[in-house]
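The values are calculated or read from the model by the stated rules, or taken from the named source; none is laboratory data. All values reported here derive from a predicted model rather than from experimental measurement. So basically every Cβ, Gly included, is an ideal-geometry build from the backbone, and we count neighbours across all protein chains shown. Each accessible area value is taken on the protein alone, full model and side chains, heavy atoms only, with ligands, DNA and RNA left out. Shrake-Rupley method; radii C 1.70, N 1.55, O 1.52, S 1.80 Å.
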Amino acid sequence: YVQVLVFADDIGQHQGPMLDAGMYRDFLYPCHEKLFRYVRENSDIRIFYHTDGSILELLPHLIEAGIQIFNTVQTDAAGMDPAILKREFGKDLVFWGGGIDTHRTLPRGTPQQVREDVRRRMQVLARVAAMSFPLCIIFSATFSRKISSRYLTPPLSTVNTRSRLQVSRWISYR
């Protein structure tokens, strides 16, 4: 059965949102809110919302509209610091992504740098209600040993069990 419904708008760019919060409220929020409310009132399906880029200032509005899972956590975009995202929105969102810098570390780093980046991000993001570290984008310059480093990074002892759950498990807790 369907557990997650994916919506994607790509309303962010590297330096900031493509529209300010006022424009979002005027043009997109009414549609998002109506659509997301309908889904949530008529099913147990979770709202998964995808956008690339820097949308920190729009996240409160997206949460109010009804998103529950946020992807892509593009942490190299302006203002998308994982610690800030966790502190400000960790109680409201599942972060689907952000487990590695896919623009610099993964394609250009050594396997050791990849492991360190994943560990650092796990320490920051792991204590939210739920998280997932999928590897959605792999650039052609990324070698298999780097990808192996990402998946073979041992779990941190400080990460609690519920935090390591994938979204499908998170859904069963809600």
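Quick rundown of the values:
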quantity: Answer residue from region 37-74, given it is of a type in the set (Phe, Trp, Tyr) and surrounded by 21 or more Cβ atoms within 10 Å (Cβ to Cβ) and is farthest from Val2 (Cα to Cα) among those; calculated: Phe70
quantity: Matching residues, region 2-20, being in a loop (DSSP other than H, G, I, E, B) and on the phi < 0 side of the Ramachandran plot; calculated: Val2, Gln3, Asp9, Ile11, His14, Gln15, Met18, Leu19, Asp20
quantity: Residues being in contact with a helix residue (DSSP H, G or I) (Cβ under 7 Å, 6 or more places away or on another chain) and of a type in the set (D, E, K, R) - total across region 32-63; calculated: 3
quantity: Count of residues meeting criterion [surrounded by 14 or more Cβ atoms within 10 Å (Cβ to Cβ) and over 18 Å from the mean Cα position of the chain (by Cα)] in region 6-20; calculated: 2
quantity: Exclusive hit being charged (D, E, K, R), without any contact (Cβ under 8 Å) to a residue 24 or more places away in the chain and under 20 Å from Ala21 (Cα atoms), set Asp117, Asp81; calculated: Asp81
quantity: Which numbered condition Val114 fails, given (1) under 29 Å from Glu64 (Cβ atoms); (2) part of a helix (DSSP H, G or I); (3) not charged (D, E, K, R); calculated: (1)
quantity: From Ala83, Ala77, residue being of a type in the set (Gly, Ala, Ser), at pLDDT below 95 and open to solvent by 30 Å² or more (accessible area, probe 1.4 Å); calculated: Ala83
quantity: Hey, Pro30 open to solvent by less than 30 Å² (accessible area, probe 1.4 Å), outside any strand (DSSP E or B) and either closer than 15 Å to Leu5 by Cα or not aliphatic (A, V, I, L, M) (or both) or not; calculated: no
quantity: The lone exception for Ile63 - which of (1) part of a loop (DSSP other than H, G, I, E, B); (2) among the aliphatic types (A, V, I, L, M); (3) free of Cβ contacts under 8 Å to residues at least 60 places away in the same chain it fails; calculated: (1)
quantity: Among (1) surrounded by 15 or more Cβ atoms within 10 Å (Cβ to Cβ); (2) closer than 19 Å to Asp92 by Cβ; (3) modelled with pLDDT under 95 - the single one Gln3 does not satisfy; calculated: (1)
quantity: Failed criterion for Lys91 (all others in (1) surrounded by fewer than 19 Cβ atoms within 10 Å (Cβ to Cβ); (2) touching a helix residue (DSSP H, G or I) at 6+ places or on another chain (Cβ under 9 Å) hold); calculated: (2)
